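The values are calculated or read from the model by the stated rules, or taken from the named source; none is laboratory data. Keep in mind the model is a prediction, meaning the values are calculated, not measured. Here the Cβ is made from the backbone with ideal geometry for all residues, glycine too, and neighbour counts use every protein chain on show.
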Amino acid sequence: MAQNERLVIIGSGPAGYTAALYAARASLNPLLVEGLQPGGQLTITSEVENYPGFPEAILGPQLMDQMRKQGERFGTRFEAGEVTRVDLSRRPFQLWIDDKLVRAQAVIVATGASAKWLGLPSEKQYQGRGVSACATCDGFFFKGVEVAVVGGGDTAMEEATFLTKFATRVHVIHRRDALRASKIMAERARTNPKIQLQLSSTVDEILGDGKAVTGVRLCSAVDGKMRELPVKGVFMGIGHEPNTALFKGQLEMNEVGYLKIKHPTTATSVRGVFAAGDVADPSYRQAVTAAGSGCQAAIDAERFLGEHATEIWD
């Protein structure tokens, strides 16, 4: 038998938890499905120094735990597991949490976006200890040292340029012999005295002392020769991928899969479905912007449910 809900929130990062807090305080009795990585990307971040209200910084997992507890305090119900299938073409909406069917009058999608990684074991070992996928988040920790950015597109150039504010030198590692970034971004990188291009090179291994990153081992794409580059930080600049596969063919997306929303609201292309956080944000991808859009989505959902409270859903 199906479980009936007024509001289901899919995803448990800053956007999902904030949406849950606002929805619970509005007496919507939300159900939040936590997914495979409860807490989202911040659970693999060490110190968070740029979230307002924490002048002494806070650990990423700790911040997420506090957000979760705040939502729980006001009545949010949390369900472990993953939404594996949705049908947004009928009302109430149908969602399957693993094999269980849940019907919802409104849905907030807060499934986030995942950074693209190289897939090296050493990369995972040193995540949060020198390996990062967000220069804006972590660049401040690399004052006065050399760092590397992996990638050759606009994302990598933006990350590298930003990091020159802190690092003494930024090595841009790209597997091809020419950057694939736009002309203006590539030229900006080439003319920056703090940026050094390491072209026709791939990262063979991220080196460390067991506690932190000490360098990278590069493999030449020309002759296969190995060389080591001493750096204290390695930033992935090969892009992000929105976690939207579940909604393909049901919600409108841009060319790379980010959900389209009807600004200034969080409404998607389906009435009663809202999107919050990185899943609809290719530009900023910050915890604070995700939390802000989670608040907006909850208010939008509350207004929608209030306006359609007398509708027959079956």
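Remarks
- Filtered by the rule that a residue be surrounded by fewer than 19 Cβ atoms within 10 Å (Cβ to Cβ) and either modelled with pLDDT under 90 or closer than 23 Å to R217 by Cα (or both), the range 173-184 gives R175, R176, D177, A178, R180, S182.
- Flag for T111 being over 16 Å from G60 (Cβ atoms), in contact (Cβ under 8 Å) with a residue 12 or more places away in the chain and either surrounded by fewer than 24 Cβ atoms within 10 Å (Cβ to Cβ) or not small (G, A, S) (or both): yes
- Residue that is modelled with pLDDT of 95 or more, of a type in the set (A, V, I, L, M), farther than 24 Å from R285 by Cβ and part of a strand (DSSP E or B), where the choices are L32, L7, L28: L7
- Screening G53 on (1) at positive phi; (2) part of a helix (DSSP H, G or I) shows it passes everything except condition (2).
- Y22 being assigned to a helix (DSSP H, G or I), within 14 Å of V109 (Cα to Cα) and assigned by TED's automatic domain parsing to the domain that holds A267: no
- Residue within the range 39-46 that is surrounded by fewer than 21 Cβ atoms within 10 Å (Cβ to Cβ), in the same structural domain as P282 (by TED's automatic domain parsing), under 30 Å from H174 (Cα atoms) and in contact (Cβ under 8 Å) with a residue 60 or more places away in the chain present: yes
- Members of the range 225-249 that are free of Cβ contacts under 8 Å to residues at least 40 places away in the same chain and either part of a loop (DSSP other than H, G, I, E, B) or not small (G, A, S) (or both): K225, M226, R227, E228, K248, G249
- When residues of the range 75-99 are limited to those that are out of contact with any strand residue (DSSP E or B) (no Cβ under 7 Å at 6 or more places or on another chain) and touching a residue at least 24 places away in the same chain (Cβ under 8 Å), the one surrounded by the fewest Cβ atoms within 10 Å (Cβ to Cβ): S89
- Which listed residue, of V131, V150, V145, is at pLDDT 90 or above, farther than 10 Å from G237 by Cα and more than 16 Å from the chain's Cα centre (by Cα): V145
- Selected residue [among the β-branched types (V, I, T), in the same structural domain as G130 (by TED's automatic domain parsing) and crowded, with 16+ Cβ neighbours inside 10 Å] from V216, V222: V216
For (1) touching a Ser or Thr at 6+ places or on another chain (Cβ under 7 Å); (2) outside the structural domain of Y17 (by TED's automatic domain parsing); (3) without any contact (Cβ under 8 Å) to a residue 40 or more places away in the chain, each residue gets a yes or a no:
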position	(1), (2), (3)
L251	yes, no, no
K260	yes, no, yes
H263	no, no, yes
V270	no, no, no
S283	no, no, yes
A287	no, no, no
S293	yes, no, no
Q296	yes, no, yes
I299	no, no, no
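- In the range 269-293, residue surrounded by the most Cβ atoms within 10 Å (Cβ to Cβ) [restricted to those that are assigned to a loop (DSSP other than H, G, I, E, B) and within 19 Å of the chain's Cα centre (by Cα)]: A276
- Residues that are basic (K, R) and either surrounded by 19 or more Cβ atoms within 10 Å (Cβ to Cβ) or without any contact (Cβ under 8 Å) to a residue 24 or more places away in the chain (or both), drawn from the range 114-172: K124
- Residue-level check: of (1) in contact with a strand residue (DSSP E or B) (Cβ under 7 Å, 6 or more places away or on another chain); (2) outside the structural domain of P61 (by TED's automatic domain parsing), Q127 misses just (1).
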